[in-house]
């Protein structure tokens, strides 16, 4: 598995609360969580991001290195502070967030890593829409797509940005156009478009720009839509500890499946149902594992066992 994965997104320290009391502090971020899982799986990974020159930032950078993630393309800014989030878990272990951010005026001052054909780029969330960051993000997406990478876009559109959905729509469409695969939840699409039926979202909002959509719906079935295939995948019941990394690790599982089954960019048009089944199976396995711990990513034990199971 020599192809590599490059993520671009935020880093943040997640402090998890249960019953009003802090229970864990874990480095996180929507793309970050999936990248950490892939690093634990032994995938060559790099991450484009930013963090502060403070104790939180140093903790995040050390965590990345400990999990096999290169840090040479993380901008460490001397002014401002590393971001922190408070995640309050409810009775279903689903989080409600409060974010604390103090960024400097100069953002994402980084060089880009080398990209080869069929490497995989993961991008998404508000980081990929933020007007302050957009010029640099758009430059990177153009570069990566021009180099022949598979582009994986997780919309991860939170309710806090719902009022800006119309204003952000042109950028969302640009991201759809850059992507080979789009993944979103029914909740994301409800906030973005006022639609939550995956078939309508695909037909009305995605298909013209990107031919492949994966739509998750919490504990309900995952739906896949391509020009050749529409299929629902049931989600097995999981006793959750935290759902913070569920979607992020679904993404990591898709990417791992593309690598493990040697699916390349030219293979995506007309990809067989059996190969999609194998990829989605990885995604569901990664997501379920992330829900079983407070770490936002798959555990090292899971990583070792899963690699052995697939013979990778």
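Quick note: the coordinates plus some simple rules give every number you see, no bench work behind them. The structure presented is a predicted model; accordingly, all values stated were derived computationally and were not measured. Ideal geometry is used to build each Cβ from the backbone, glycine not excepted, and the neighbour counts take in all protein chains shown.
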Kindly give the semi-axes, whole Å and largest first, of the ellipsoid equivalent to region 1-151, taking each as the square root of 5 times a Cα gyration tensor eigenvalue.
26, 18, 15
For region 198-255 and region 54-113, what is the separation of their Cα centres, given in Å?
26 Å
Antiparallel as a % of all DSSP beta bridges within the chain, to the nearest 5?
40 percent
Where does each of 262-271, 65-74 land if you order them by average Cβ count within 10 Å, highest first?
65-74, 262-271
Ordering 85-97, 174-186 by per-residue average of other C-beta atoms within 10 angstrom, highest first, gives 174-186, 85-97
Determine the relative contact order of region 5-310: mean sequence separation of Cα pairs under 8 Å and six or more apart, normalised by residue count, in whole percent.
16 percent
Report the label-to-label distance for residue 116 and residue 88 in nanometres (one decimal), using points 7 Å from each Cα along the Cα→Cβ vector.
4.9 nm
Taking neighbour counts of Cβ atoms within 10 Å as a proxy for exposure, in what order, fewest first, do 47, 193 appear?
193, 47
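Once you have the Cα-Cα distance between residue 272 and residue 229, take 0.36 nm times their residue separation minus that, and quote the gain in nm to one decimal.
On the way: separation 43, 0.36 × 43 = 15.48 nm, distance 0.87 nm.
Difference between extended and current length: 14.6 nm.
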With labels modelled as points extended 7 Å from the Cα through the Cβ direction, what inter-label distance (nm, one decimal) is found for residue 167 paired with residue 208?
2.4 nm
Over the chain, the sum of -39500 (n - 2.57) across DSSP H runs of at least four, divided by residue number and rounded to 500 deg cm²/dmol, gives at 222 nm -10500 deg cm²/dmol
Output the antiparallel fraction of DSSP beta bridges having both residues in region 45-172, as a percent to the nearest 5.
40 percent
First measure r as the distance between the Cβ atoms of residue 97 and residue 199, then evaluate 1/(1 + (r/R0)^6) with R0 = 35 Å and state the FRET efficiency to the nearest 0.05.
0.75
Over the Cα atoms of region 159-293, what Rg and Dmax result, in angstrom?
14.7, 41
Modelled FRET efficiency - R0 30 Å, residue 239 with residue 53, Cβ distances, 0.05 increments
0.15
Region 1-38-region 118-192 distance, computed between alpha-carbon centres (Å)
18 Å
Pop a pseudo-label 7 angstrom from the Cα along the beta-carbon direction at both residue 105 and residue 177 and give the gap in nm to one decimal.
3.2 nm
Coarse-grained scattering of region 5-310 at q = 0.13 Å⁻¹, given as base-10 log I(q)/I(0) from a Debye sum over alpha-carbon atoms
-0.89
